[in-house]
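Just so it is clear, none of the values below were taken in a lab; they were calculated from the coordinates. Since the structure is predicted, the reported quantities are computational estimates derived from the model, not experimental observations.
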Amino acid sequence: MVNVGDDAEKVGKFVEETGWDGRVIRDSDKKLAAKFMVIGYPTTVLLTSQRQLVVFTENEIFTWFILGGRKWDDPQMIEFFKKAAAQMELRPH
């Protein structure tokens, strides 16, 4: 997770309240957000273990980010990520 703009105390409170156990990167100077051309929050960008962008396709439109909040445990989202993972397996590394 990358946090843009919040102070360490606020990020820590979020992590504690949600039980987040993944890595947290604070992007206080917004350089990372600029690199990924973030235009709104929240924005989701997925990277492979080789640090390559995961590119999503929906209705033949290619994108590398998901804009807006999501219910990540929703069955439709789980199916979406399964399809994305299957697409990644078909690509050469």
Rounded to whole Hz, the Karplus (6.51, -1.76, 1.60) HN-Hα couplings of the range 8-15, x for glycine and proline: 4, 5, 5, 5, x, 5, 4, 4
For Asp27, distant residues with modelled amide H under 5 Å away: Asn3, Val4, Gly5
Eligible lysines near Lys71 by straight Cα distance, threshold 24 Å, same-chain separation 8 or greater: Lys10, Lys13, Lys82, Lys83
Interchain or long-range residues, amide H under 5 Å from Leu46's placed H: Val54
